[in-house]
Amino acid sequence: MKLVLATSNKGKVREIKELCKEYEVISYGELIEEFEIIEDADSFKENALIKARAVFEALKDSSQEYDKDLVVIADDSGISVDVLDGKPGVYSARYGGKNANDKENLYKLIKDIKAKGVESSPAHYTASIAIVTNKGEYSVHGWMYGVALTEAIGDGGFGYDPMFIPLGYDNTLGELDDEIKKKLSHRSKALDLAKKIIKTF
Ligand code: IMP
């Protein structure tokens, strides 16, 4: 079965492909031209559904790529920091400004945690995975808890990983092996649940 990913985030595409090796996974940009999707909901769940529905409809409209068994999946995810009352949350991708890149977002988060007068804060990642098919729409979630630091260490992973230490570890996701993130991550937990649903199709 082919899974089409409604994302152009290279870090997510790499991780989802790695976590779903039993399926053929392609990003929608390999089938049709990528387009802007406005994620204006205030929950991870709704934003993931917005993305998956938009790509499902676009593929349906492009007769060439339409297949009645089409399965589109989208991931909406982010980091929530306790000392910032849960920010950036659903705004994680644009925390440093509308067109901010991963590094700018990361250093803005470090600066804002420092401004609270602390060196670190409990934090967690959330991933909501939406699945859109002809049979219906589904949503699942996964979480990873840990600590957000006021420094970036290591260059593994993507996004906020260099400043995040998962619970039970002493190193950031920027330093830890990819295999460890694969076991622990919010995305892998949500995808485990998503795969249980996909298996029933
Ligand atoms: P969106 O889901 O495309 O709106 O973007 C989520 C944003 O959250 C990404 O751009 C990253 O900044 C951050 N994020 C989500 N998951 C991860 C992760 O596994 N590691 C690091 N950053 C992440």
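So the values come out like this:
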read-out	value
For L84: the one exception among (1) at pLDDT below 95; (2) under 30 Å from S121 (Cβ atoms); (3) more than 17 Å from the chain's Cα centre (by Cα)	(1)
Residue in region 188-201 that is within 30 Å of D67 (Cα to Cα), among the β-branched types (V, I, T) and loosely packed, with under 13 Cβ neighbours inside 10 Å present	yes
Selected residue [in contact with a Ser or Thr (Cβ under 9 Å, 6 or more places away or on another chain), of a type in the set (S, T, N, Q) and under 19 Å from G146 (Cα atoms)] from S27, S43, S92	S92
Residue in region 75-82 that is out of contact with any helix residue (DSSP H, G or I) (no Cβ under 6 Å at 6 or more places or on another chain), assigned to a helix (DSSP H, G or I) and away from the ligand (no atom under 13 Å from the Cβ) present	yes
Tabulated pairs, region 8-23, first under 11 Å from G159 (Cβ atoms) and touching a residue at least 12 places away in the same chain (Cβ under 8 Å), second among the aromatic types (F, W, Y) and surrounded by 15 or more Cβ atoms within 10 Å (Cβ to Cβ), C-beta under 6 angstrom, 6+ apart or interchain	G11/F158
Any pair with Cβ under 6 angstrom, 6 or more apart, that starts in region 184-200 at a residue that is closer than 17 Å to H124 by Cβ and without any contact (Cβ under 8 Å) to a residue 60 or more places away in the chain and ends at one that is within 15 Å of the ligand (Cβ to nearest atom) and not aliphatic (A, V, I, L, M)	L184/P166
Total residues in region 4-15, condition at pLDDT 95 or above and either more than 13 Å from the ligand (Cβ to nearest atom) or not in a loop (DSSP other than H, G, I, E, B) (or both)	2
Residue tally, condition closer than 17 Å to I131 by Cα and in a helix (DSSP H, G or I), over region 16-32	4
Residue match in region 47-67 (condition: of a type outside the set (S, T, Y), away from the ligand (no atom under 16 Å from the Cβ), closer than 27 Å to K196 by Cβ and not in a helix (DSSP H, G or I))	yes
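The values are calculated or read from the model by the stated rules, or taken from the named source; none is laboratory data. Source: prediction; values computed, not measured. Because the Cβ atoms are built from the backbone with ideal geometry, glycine has one as well, and the counts that use them run over all protein chains shown.
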